[in-house]
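What follows is one structure encoded as structure tokens, with my remarks underneath.
The values are calculated or read from the model by the stated rules, or taken from the named source; none is laboratory data. Treat the numbers as computed from the prediction; the structure is a model and nothing was measured. Note: ideal-geometry Cβ built from the backbone for every residue, glycine included; neighbour counts use all protein chains shown.
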């Protein structure tokens, strides 16, 4: 069992972001968590790497954990810009960026739009493309949304439908964070993926029902340097379900053969 590791909660960008720092050397890895989660999801993997001399930062993205909400609503590009703005407090060089789910969307935007920041990517359970196997929302809601777009029903009717058919994430989000969620779930990343040129490991749970493996396969076809690893018996929350496999993927990227 790993013990005696000193972990430090730090503020970045004048308190706009907070995160835990693992290890005493300069960080080589940045972890970005999924929607409704926080940086502590990566604690076991980060501790394992720190004991091997690979330091990391596990950020709480704006609006989650210890980090305050962003001042405006936006999707993955906004969050990537917020992380980029804090980079001077993280390190003076590129990092391997690990992204789970929503954090993976942010990581891809960061790699495509701020390539000097990213030495490599490890992505897991990231909804980068729309699924070909299931609709994103029930047909009654889609119908009402279309009617609202045509201004045939009031916003209050559509909001009642959102409360009935909305996901747990939607129902749990409020105010600006609900705006962020709505913007994010309607994004797709084909244009960004073809602009990512760093080595990328797609580490996926075989039983991930939220983001099935076919999404990873299609995303990998758009990336210039990617490999796909599928873990049997692992679902969407891979950072907590299989932290050893996540640490191994990072380790292989830090120390390539």
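Some points to look at:
- Scope region 119-162; condition modelled with pLDDT under 80 and under 30 Å from residue 242 (Cβ atoms); matching residues: 131, 132, 133, 134, 135, 136, 137
- Meets criteria (modelled with pLDDT under 95 and either part of a helix (DSSP H, G or I) or more than 23 Å from residue 203 (Cβ to Cβ) (or both)) for residue 74: yes
- The listed residues are 212, 256, 243, and the only one of them that is under 18 Å from the mean Cα position of the chain (by Cα) and under 30 Å from residue 26 (Cβ atoms) turns out to be 243.
Each row is one residue, and each column tells you yes or no for (1) modelled with pLDDT of 95 or more; (2) under 24 Å from residue 211 (Cα atoms).
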{"position": "61", "(1), (2)": "yes, yes"}
{"position": "65", "(1), (2)": "no, yes"}
{"position": "82", "(1), (2)": "yes, no"}
{"position": "100", "(1), (2)": "yes, yes"}
{"position": "106", "(1), (2)": "yes, yes"}
{"position": "112", "(1), (2)": "yes, yes"}
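- From 40, 56, 25, residue being under 21 Å from residue 120 (Cβ atoms), surrounded by fewer than 22 Cβ atoms within 10 Å (Cβ to Cβ) and assigned by TED's automatic domain parsing to the domain that holds residue 95: 25
- Residues in region 36-61 that are over 20 Å from the mean Cα position of the chain (by Cα) and outside any helix (DSSP H, G or I): 51, 52, 53, 54.
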